[in-house]
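*Asks:* This is the structure I want to talk about, given as structure tokens.
The values are calculated or read from the model by the stated rules, or taken from the named source; none is laboratory data. Keep in mind that this is a model prediction, so the values were computed, not measured. Reconstructed Cβ throughout: ideal geometry from the backbone, glycine too, with neighbour counts over all protein chains shown.
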Amino acid sequence: MSRGAARRARRALVPPRAALAVVGLFAAAALASVTGLMVMLALAPRTGHAATGVVTAPDVSAPTVLDFTPEELQRIQSHGPWPLPLPRDAGNALSGRTEAQALGRALFFERGLSPAGVSCAHCHDPARAFTDGRARSVGVAELDRNAPTLLDAAHERWLGWDGAADSLWGQSIRPLLDAREMASSPAHLKRTVASQPPLAAAWRRTFGQDAVTQGDEAVLVGVAQAMGAWVATLASGRTPFDDFRDALARGDRAAAARYPLAAQRGLRLFVGRGNCHLCHVGPRFTHGEFADIGLPFFVRPGVVDPGRHGGIEALKASPYNLLSRWALPRDDESVKTRHVHAEHRHFGEFKVPSLRGVADTAPYMHDGQLPTLQAVVRHYSRLDPDRLHADGQQLLRPLGLMAQEEDDLVTFLRTLSPKGPARPSMALGSGAGQAVPPSAGPSLNPAAPRPPSATGPPARSSTR
């Protein structure tokens, strides 16, 4: 090959300067893209996929705290603070006395008070938030109503689903004597207290005399007032809702953000479109009165539960109400009993219960006919207005909730129960709402056994 031909061949193998420039630009762009991607991956927050190498960015679109309106915030704040100071049992000379509370606790768990061996705790079991988990309680025989919780009962204006008692001690007398519940008698109570040395000694410390020296009816009232003094100390604990409400009050959005968004949406429904706050008001989420909510109130075919109407009649006729000779004469406590009167509209009305601890007290309503919170919310969502009383102002309307809204409202209701197992405050001087084991309540001696659970003889209800 000649020299000229060789030079022409070498020039064919070497790209021109322009081509080299283009290739360089593409290489630089590719290198920058790879470098940029590596930097982005290095800076991106990791979300727990290290094992697979998958990295995702956090969802920053969802707010951690809903933008509540001033009116909504005001309504939320009205449901606190919690806990509240515990009031004394109305008309009860023993209320607030430590020795009476210890006696009352022992009597509450004492099966010997009933000839059938049924104690108060069989239906109001501390392990079940002082309920029994039944639709209708069972004592000597099956009853017509569900056993409500005794937690925070000291705050109740009226006791029982029908309000047939105006004090804790007055309410305690009815199940003691009711033939279907404990089927006891004043004479049997007196024999039981006098024959058991621990009870007899506690009675002497409380009343300054032996039970055997007192009349049968005086012992009946003494038993009831001692139990009322103890039940008045039962308080529910703080809840996730309380933490959220207090965080909003002090402007701590970081703490408030720990409250689930679903619960916040349910709370917005509760204080807003749902109008639930009109009856479930204040720190206890109840106005303590009675309402017709469109549920059937037949006990069995042909038998109707009169509800509040029958409760008022029973209260006015009771020899143990706040107007009786057994109650401390205080006009500020007894005025409610003096002026309450039964009206036709009271038929089929039942107590509006507190919603505190509601997740722990299924089934629901006066006769336990709704098994779950989902069923309760669904009832109000699909309410039949034709089942409500025609007289008076009609507050209830079908809510027409979507499935997600029903779930959100249930999520909120669950946050009204204390965190962890339901453990009420029962220790004297421990402070309302402080969670302590049931065994820490006042007892007659340091070696007193733990309260029995709901297992054992049939259950009965003492707060109807």
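*Asks:* For region 331-338, does any single residue satisfy the condition of being touching a helix residue (DSSP H, G or I) at 6+ places or on another chain (Cβ under 8 Å), within 23 Å of LEU395 (Cα to Cα) and either at pLDDT 95 or above or assigned to a loop (DSSP other than H, G, I, E, B) (or both)?
*Replies:* To start, the set of residues in region 331-338 that are touching a helix residue (DSSP H, G or I) at 6+ places or on another chain (Cβ under 8 Å) comprises 337.
Right, trim to within 23 Å of LEU395 (Cα to Cα) and you get none.
The answer is no, given that none of the residues of region 331-338 is touching a helix residue (DSSP H, G or I) at 6+ places or on another chain (Cβ under 8 Å), within 23 Å of LEU395 (Cα to Cα) and either at pLDDT 95 or above or assigned to a loop (DSSP other than H, G, I, E, B) (or both).
*Asks:* Follow-up question, since we're still on this one. For GLY307, are the conditions met, namely being farther than 19 Å from PRO175 by Cβ, buried (at least 20 other Cβ atoms within 10 Å of the Cβ) and in contact (Cβ under 8 Å) with a residue 24 or more places away in the chain? It would help to see each step written out before you state the result.
*Replies:* Numbers: farther than 19 Å from PRO175 by Cβ: no; buried (at least 20 other Cβ atoms within 10 Å of the Cβ): yes; in contact (Cβ under 8 Å) with a residue 24 or more places away in the chain: yes.
Against the criterion (farther than 19 Å from PRO175 by Cβ, buried (at least 20 other Cβ atoms within 10 Å of the Cβ) and in contact (Cβ under 8 Å) with a residue 24 or more places away in the chain), GLY307 does not qualify.
*Asks:* Only one of these conditions is not met by ARG105: (1) over 21 Å from the mean Cα position of the chain (by Cα); (2) in a loop (DSSP other than H, G, I, E, B). Which number is it?
*Replies:* (2)
*Asks:* I would also like to ask the following. Keeping to region 197-243, report how many residues are surrounded by fewer than 24 Cβ atoms within 10 Å (Cβ to Cβ) and aromatic (Phe, Trp, Tyr).
*Replies:* The number of residues fulfilling the criteria is 1.
*Asks:* Got a number for residues in region 348-366 being out of contact with any Phe, Trp or Tyr (no Cβ under 8 Å at 6 or more places or on another chain) and not aliphatic (A, V, I, L, M)?
*Replies:* Of the residues in region 348-366, 6 are out of contact with any Phe, Trp or Tyr (no Cβ under 8 Å at 6 or more places or on another chain) and not aliphatic (A, V, I, L, M).
*Asks:* Of all residues in region 245-273, how many are part of a loop (DSSP other than H, G, I, E, B), of a type outside the set (A, V, I, L, M, F, W, C) and either over 10 Å from LEU66 (Cβ atoms) or in contact with a His (Cβ under 6 Å, 6 or more places away or on another chain) (or both)?
*Replies:* Taking region 245-273 as the starting set, the residues that turn out to be part of a loop (DSSP other than H, G, I, E, B) are 250-252, 257-260, 272-273.
Filter again for of a type outside the set (A, V, I, L, M, F, W, C), leaving 250-252, 258-260, 272-273.
Add one more test, that the residue is either over 10 Å from LEU66 (Cβ atoms) or in contact with a His (Cβ under 6 Å, 6 or more places away or on another chain) (or both), and what stays is 250-252, 258, 260, 272-273.
Within region 245-273, residues that are part of a loop (DSSP other than H, G, I, E, B), of a type outside the set (A, V, I, L, M, F, W, C) and either over 10 Å from LEU66 (Cβ atoms) or in contact with a His (Cβ under 6 Å, 6 or more places away or on another chain) (or both) number 7.
*Asks:* Out of ARG423, ARG387, which single residue is of a type in the set (D, E, K, R), surrounded by 15 or more Cβ atoms within 10 Å (Cβ to Cβ), over 20 Å from TYR259 (Cα atoms) and modelled with pLDDT under 95?
*Replies:* Unique residue meeting the criteria: ARG423.
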